[in-house]
1. Could you count how many residues in the stretch 198-210 are modelled with pLDDT of 95 or more and touching a strand residue (DSSP E or B) at 6+ places or on another chain (Cβ under 6 Å)?
2. Consider only pairs whose beta carbons are under 9 Å apart and that are at least six residues apart or on different chains; among these, list those whose first residue lies in the stretch 62-74 and is within 14 Å of S180 (Cβ to Cβ) and assigned to a loop (DSSP other than H, G, I, E, B) and whose second residue is polar (S, T, N, Q) and modelled with pLDDT of 70 or more.
3. Within the stretch 281-288, does at least one residue satisfy the condition of being under 20 Å from the mean Cα position of the chain (by Cα) and under 28 Å from P110 (Cβ atoms)?
4. Which residue out of S116, S142, S138 is among the polar types (S, T, N, Q) and part of a strand (DSSP E or B)?
Amino acid sequence: MTTSTARNLFLTLFLALTVAGCGGGGGSTQVAGGGTGGTGVSYGSVTGYGSVFVNGIEFNYDASSVSLDDDGQGELKIGMVVRVHHGDIDDASSTGTADDIEYEDNVKGPIASITSSGGTFPYTLTVAGQTIIVDGDSCNPSAVAPTPALPSGHACLYDSNSTTPIGISDLAPGEVVEISGLVDGTGAIRATYIEREHSTWNVITSKAEVKGRVSQLDTVAGTFRINDLTVGYSGATTEDLPGGSLSDGDYVEVKGTIDSATSLTPTMTAEQVQGESEGFDLSDSGEVEIEGYVSELTTSGFKIGAQEVDVSGAASCSGITVNTRIEVEGSLVGGVLMARDCS
């Protein structure tokens, strides 16, 4: 991943983006506008084709503004979690223009296991030491707005050779997948997009990619963990690390080989460790609407991932508990999201 891509990371914090066919959309909550102008950013999973709708605001965009993880420009697919930067909103017509739309995955690697209780949802996948939860696989890219192509909480599953969705029963351990989704309060990825690739995993040459937070750093052994993945980084190149060196709590992307396609706790020999921005990458004046899982309660409100949310001015944000999936609208002030509304 390039340094410019790293500046645009948006994996852990996801904003409530509803992408639907022309004429669709959700409610009427504004992201930026009110006759005052301004810029905004919205994150979330693609839920339909056509113009981009964010809570009733329609954003026009050009295909050249779409950036896919490591692949440059490309085609958006249902379920991909994306970030949309946009300019002023015309309140009269509820329209705006997306400056750019960016996508990055959470993890790429072989499926070590697929489990469920009685063969019903939710299913749990383990990929490169990361836990992925699939709460449903209803996906209909042909749906006409206002019917969403991807119901809330579901994932759209694809085969890389087809644009027709597949089902969870079509996946098998050992297959290589790319996964995008929302990270919940336990660190698990709630999948919204899974793509099965046609490749056989080779422990010598195949490369896995994982994004997450460093823990159990051992500078003597040259290892750390991202959830259940042990990463050996002694021979890796490092880029954009805060302070120039690794520390517990750093959010990073790692790429390298893993020692087993079937282990639930594999070890990666990293070739690259790159610091990533887990926040919004947005100026304090930016208007945001964020959907994610509450990771921690604080004296002023709570956190979604590492993003602090102050709810002192939003009565609708009371009574929130850890691991609640929530949507927050507000603006950033001094790096803190000052909430105006929660739903």
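The values are calculated or read from the model by the stated rules, or taken from the named source; none is laboratory data. Owing to the predicted nature of the structure, the values given are computational and were not obtained by experimental measurement. When we count neighbours, we look across all protein chains shown, and the Cβ atoms used for this are built from the backbone with ideal geometry, even at glycine.
1. 4
2. D69/S180; G74/S67
3. no
4. Values: S142 fails: part of a strand (DSSP E or B); S138 fails: part of a strand (DSSP E or B).
So the residue among S116, S142, S138 that is among the polar types (S, T, N, Q) and part of a strand (DSSP E or B) is S116.
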